[in-house]
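The following block contains the structure, expressed as structure tokens.
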Amino acid sequence: MAEGYPQEQRDAIYRVIAERRDVRRGFRPDPVPPEVLGRVLTAAHRAPSVGFSQPWDFIVITDRDRRERIAGLARRHAGEFAAGLPGARARAFDRLKIESILDTPVNIVVSCDRTRGGRHTLGRATQPQTADFSSVLAVANLWLAARAEGLGVGWVSFFDERELAAELGLPPHVQVIAYLCVGYVDAFAAEPELATAGWARRRPVSWAVHAEEFGRRGMPGEEPVDPLADVLAAINPPDAEAMAAARERQDRMTKPRGSLGALEDVSVRLAGLAGCCPPPLPEPACVAVFAADHGVHAQGVSPWPQEVTAQMVANFLAGGAVVNAFAAQAGAEVTVVDVGVAASLEPVPGLLPRKIGPGTADFTAGPAMTREQATAALVTGAEIARDLVAAGNRCLVTGDMGIANTTASAALICAFTGADPADATGRGTGIDAAAYAKKIDVVCRGLARHQPDPADPIGVLAAFGGFEHAALAGFILGAAALRVPVILDGVIAGAAALAAVALAPDAIAACFAGHRGAEPGHAVTLSYLGLRPLVDLGLRLGEGTGAVLALPLVQSAARALRDVATFDSAGVAEKS
Ligand SMILES: Cc1cc2nc3c(=O)[nH]c(=O)nc-3n(C[C@H](O)[C@H](O)[C@H](O)COP(=O)(O)O)c2cc1C
């Protein structure tokens, strides 16, 4: 067996990997000696490549005028990107430094010739992208060697590739892979700047390692992770000390005690959830609209055809729905999750394809889904919460879309709360008296058929749930596990929250009721959960609209606790 390197050298390898940083600030003007650049480029040139095609070239740029022109190209695209960001994200982006084209003495472009080596290049025929991958490996080598030399490297990707290629005189068959800004630095940051700036978080390695099949997560030598059990185990009660500190601070703030009404409770709950006072501002925020279809639609419980679910998904993605307008106003991002739309959807930016099945089965005839599907949807929802938080969101907002989902919600609410179907069933998007009576009967028949046991939340979800209910329950649990607030929309989110709380009672600490919807089952749910809605406007749209309206209220509650002066700090006399 070949020997590994001595310990000291292994340590050096792992050290350079751990300490490599994307550097954007703190560059020194000192020139980089040619021999140092030569070593770094030679390291890059030693990268592995498909069929040993070595498709890379390195263009070394030092000319100031050229760099000024290139910086102009990057800034234009960065400006366009910033203009498309939701409010809180745009503010955060503004504070980031995204390129150092002029601050570094040398820029290096790594290119790729996808034709090099001819048609029989080993391994490239089935996966032409492997040529690009090979050039990226050259970038990785360069980046690591540079770190060992004390050189910072920043990768800038805000370019129109062909525009940049023209500036560099690249022939049409050669593509730009990376634009790197290189120079000596005063220090290397310990963590990625985007992590310290709160833009994104590092995913734990155990999330990234799967045993045998995708989804069976776990590190080698350890038991595979049960993702749902993991999420449930991470959910804890709110921090009593932080809540007490928040209450005490509310009483010392320059305002009469209790004068912020329900918002004082919101701020106290946010502190309890975060475990600190004041809690972090719940921004940026992201609305996740979970979309799915329902077999019970066949029972004539909605006046709308089932295709409307897919059509509305397209509308959300095109930015044309009410939730888009409200989210734009509140500065939140909208993400759409297909957890079970009964149509195949085109992949477009903003759509997360996570279909558990093409719609559920009719719950009056049998279970809406299998227990395995219910569990898969729960895990999916929790993973989406986790990914959105890893992407930098500090507040999650529930949204939903699914023709006939008020019927499934009514059945879930009855199953979890014991409410009478006549009290929990509503008119949804609007049905006449005859259809309403039929809808109540459908819920009654479902309950009679499945005899749900509220102590078995997965069984209840499987019996009646839409895939969006189960995924929303997972989303709520995921938020609770990460101690990030989740603003609940209407009756669909409420029904999902009942399932989440049945699985982990402490999940309630993360839940904020955005509004009270017009569906009678929603009031039943809110009082069962002990949640006070922040907005009460008779909305009955779903999509996340009511929750998005409440977002600025939740954010204001946190900001008040953080920013408002206290009597002692402001020198204001207290009431005698
Ligand atoms: C393909 C690629 C493109 C990148 N483009 C940019 C960019 O345009 N601007 C920027 O500021 N950082 C860019 N980065 C740097 C990443 O933001 C950075 O690698 C990431 O935050 C992780 O930090 P670390 O490299 O210090 O570990 C890019 C990185 C890669 C791998």
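Coordinate-derived values only; no laboratory data. None of the values given here were measured: they were computed from a predicted structure. Positions of Cβ are generated from backbone atoms using ideal geometry, with glycine treated the same way; all protein chains shown enter the neighbour counts.
Please list the equivalent ellipsoid semi-axes of region 184-224, computed as the square roots of five times the alpha-carbon gyration tensor eigenvalues, in descending order and whole angstrom.
31, 12, 8
Right, here's the next one. Can you sort His120, His294, His77, His522 from fewest to most other Cβ atoms within 10 Å of each residue's own Cβ?
Neighbour counts put them in this order, fewest first: His120, His77, His522, His294.
Follow-up question, since we're still on this one. Could you state, as a whole-number percent, how many of the C-alpha pairs of region 326-440 are farther apart than 19 Å?
59 percent
Where does region 153-215 land on Rg/Rh, using Cα atoms and the Kirkwood Rh?
1.14
Apply the Karplus curve 6.51 cos²θ - 1.76 cosθ + 1.60, θ = phi - 60°, to the phi angles in region 123-136 and return the couplings in whole Hz, x for Gly and Pro.
So the Karplus estimates, Gly and Pro as x, are x, 8, 4, 7, 10, x, 5, 4, 5, 4, 4, 4, 5, 5 Hz.
If the convex hull of the alpha-carbon atoms of the chain is projected onto planes in all directions, what is the mean projected area in square nanometres?
It is 32.9 nm².
Find which of Gly275, Ala12, Gly571 sits farthest along the positive direction of the dipole of the chain, computed with +1 on the beta-carbon of Lys and Arg, -1 on that of Asp and Glu, about the Cα centre.
Farthest towards the positive end: Gly571.
Determine the equivalent ellipsoid of region 227-324 by diagonalising the alpha-carbon gyration tensor, then write out the semi-axes as square roots of 5 times the eigenvalues, largest first, rounded to whole Å.
They are 40, 19, 14 Å, listed from largest to smallest.
For region 379-395, take each phi angle, set θ = phi - 60°, evaluate the Karplus expression 6.51 cos²θ - 1.76 cosθ + 1.60, and give the result in whole Hz per residue in order, putting x for glycine and proline.
Ordered by residue, 3J(HN,Hα) equals 5, 4, x, 5, 5, 5, 4, 4, 5, 5, 6, 4, 7, x, 6, 10, 8 Hz.
Can you give me the C-alpha center-to-center distance between region 544-570 and region 162-208, rounded to a whole angstrom?
What the calculation gives is 36 Å, centre to centre.
Enter the angle in degrees (range 0 to 90, nearest 10) between the Cα long axis of helix 7-19 and the first principal axis of the Cα atoms of the chain, meaning the one along which they spread out most.
60 degrees
Return the long-range amide H neighbours of Val209 (sequence gap of 5 or more, or a different chain), with a cut-off of under 5 Å between placed amide H atoms.
Residues meeting the criterion, in which the H sits 1.01 Å from N, are Gly218.
What is the set of long-range amide H partners of Met401 at a cut-off below 5 Å, with H atoms built 1.01 Å from backbone N?
Phe290, Ala291, Ala292
Related question: For the Cα atoms of the chain, what angle does the longest principal axis make with the long axis of helix 307-318, in degrees from 0 to 90, nearest 10?
40 degrees
How many nm is it between the label spots at Ala318 and Asp506, if each spot is 7 Å from the Cα in line with the beta carbon?
Simple spin-label model gives 4.6 nm for this pair.
What is the Cα centroid distance between region 318-333 and region 88-155, reported in whole angstrom?
35 Å
Tell me, what is the FRET efficiency for Ile98 and Arg559 to the nearest 0.05, using R0 = 41 angstrom and their Cβ-Cβ distance as r?
0.90
Each residue of region 232-241 in order: what ³J(HN,Hα) in whole Hz does its phi give by Karplus 6.51 cos²θ - 1.76 cosθ + 1.60, θ = phi - 60°, with x for Gly and Pro?
4, 5, 7, 8, 10, x, x, 7, 5, 5
Then there's this: As I understand it, the value is the acute angle between the Cα axis of helix 467-482 and the longest principal axis of the Cα atoms of the chain; what does it come to in degrees, rounded to 10?
Compared with the principal axis, the helix lies near 60 degrees.
Would you kindly give the portion of the calculated P(r) for region 102-164 that falls above 20 Å, as a percent of all Cα pairs?
Counting every Cα pair in region 102-164, those more than 20 Å apart make up 42 percent.
Run the reach check for Lys439 against aspartates and glutamates, Cα to Cα strictly under 19 Å, same-chain hits fewer than 8 apart removed. What comes back?
List returned: Asp293, Asp362, Asp420, Asp423, Glu519.
Using the Cα atoms of region 433-516 to build a convex hull, what is its mean projected area in square nanometres?
Hull-based average projected area comes out at 5.9 nm².
While we're here: Which aspartates and glutamates have a Cα less than 12 Å from the Cα of Lys97, not counting those fewer than 8 places away in the same chain?
Asp22, Glu193
Rounded to the nearest 5, what % of the DSSP beta bridges within the chain are antiparallel ones?
Bridges in the chain that DSSP calls antiparallel: roughly 50 percent.
Sticking with this structure for a sec: When you have a sec, figure out the Kirkwood radius of region 177-299 from all distinct Cα pair distances and drop it here in Å to one decimal?
20.0 Å
Per residue and in Å³, how big is the convex hull formed by the alpha-carbon atoms of region 435-576?
149 Å³
Percent of Cα-Cα pairs per 10 Å bin, from 0 to the last occupied bin, for region 263-303, please list those.
22, 26, 16, 18, 17, 1
What size of dipole, in debye to the nearest 20, comes out for the chain about its Cα centre when the only charges are +1 on Lys and Arg C-beta atoms and -1 on Asp and Glu C-beta atoms?
In debye, rounded to 20, the chain gives about 780.
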